[in-house]
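The values are calculated or read from the model by the stated rules, or taken from the named source; none is laboratory data. Fair warning: this is a prediction, and the values are worked out from it, not measured in the lab. Glycine gets a Cβ as well: all are built from the backbone with ideal geometry, and neighbour counts include every protein chain shown. When the accessible area is computed, the model is the full protein with side chains, heavy atoms only, and any ligands, DNA or RNA have been set aside. Shrake-Rupley method; radii C 1.70, N 1.55, O 1.52, S 1.80 Å.
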Amino acid sequence: MYGIYTENLDDYVSADAIEFFMLQWPRGQLVAEAVTGGTAGALSSFVMEDGAVSVALLAVGGPFRGMGAGSALMDRIMAESIAVGAPRVQLEVRVTNGPAISFYERHGFVRTETVRGIYGDGGDGYRMVLDLGRV
């Protein structure tokens, strides 16, 4: 998982952070494998104090973008979230990442607020939420 994140995310993610997510909610750590071998994508999430699920990391390798790996990961995390009774799934995405914003909107997420300085370089993000009561 670590390799797919470090190669495809524009913000540094430490191995300790990934381990933290794995310990918080093991079933919220997903990997999409390519049929030819290797990792096509990965998703790390955790259950927040109010019972909602937060997607902390989602990355799909360049050669696998547009081939369904990201959608498969999102579909699975929504199913896992419903299984544990989460009321919603939320995530943050850079305000400048148009393709990712469009991807999340296609999966039913809506922008709820702008989070200033959320990224290591001071970049802003949108919080996006999917209300599972409407799925």
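Of all residues in the range 21-43, one or more are closer than 23 Å to E7 by Cβ and of a type in the set (D, E).
Across the range 34-48, the qualifying residues are those that are hydroxyl-bearing (S, T, Y) and in contact with a helix residue (DSSP H, G or I) (Cβ under 6 Å, 6 or more places away or on another chain), and the one among them that is most open to solvent (accessible area, probe 1.4 Å) is T39. Restricting attention to the range 59-85 and to residues that are assigned to a loop (DSSP other than H, G, I, E, B) and of a type in the set (A, V, I, L, M), the residue that is modelled with the highest pLDDT turns out to be V84.
Residues that are aliphatic (A, V, I, L, M) and surrounded by 22 or more Cβ atoms within 10 Å (Cβ to Cβ) were ranked within the range 70-85; the one that is farthest from A34 (Cα to Cα) is I77. Checking the stated criteria, G70 turns out not to satisfy the condition of being among the small types (G, A, S) and more than 26 Å from D131 (Cα to Cα).
Please determine whether any residue of the range 16-24 is open to solvent by 60 Å² or more (accessible area, probe 1.4 Å) and within 19 Å of A83 (Cβ to Cβ). For the range 16-24, residues open to solvent by 60 Å² or more (accessible area, probe 1.4 Å) and within 19 Å of A83 (Cβ to Cβ): present. For G41, indicate whether it is of a type outside the set (V, I, T) and either closer than 29 Å to G133 by Cα or assigned to a loop (DSSP other than H, G, I, E, B) (or both). Yes. Screening the range 86-129 for residues that are outside any loop (DSSP other than H, G, I, E, B) and hydroxyl-bearing (S, T, Y) and picking the one that is surrounded by the most Cβ atoms within 10 Å (Cβ to Cβ) gives Y104. Pull up the range 1-15, narrow it to residues that are out of contact with any Asp or Glu (no Cβ under 9 Å at 6 or more places or on another chain) and not hydrophobic (A, V, I, L, M, F, W, C), then point me to the one that is most open to solvent (accessible area, probe 1.4 Å). Across the range 1-15, the extreme among qualifying residues is Y12.
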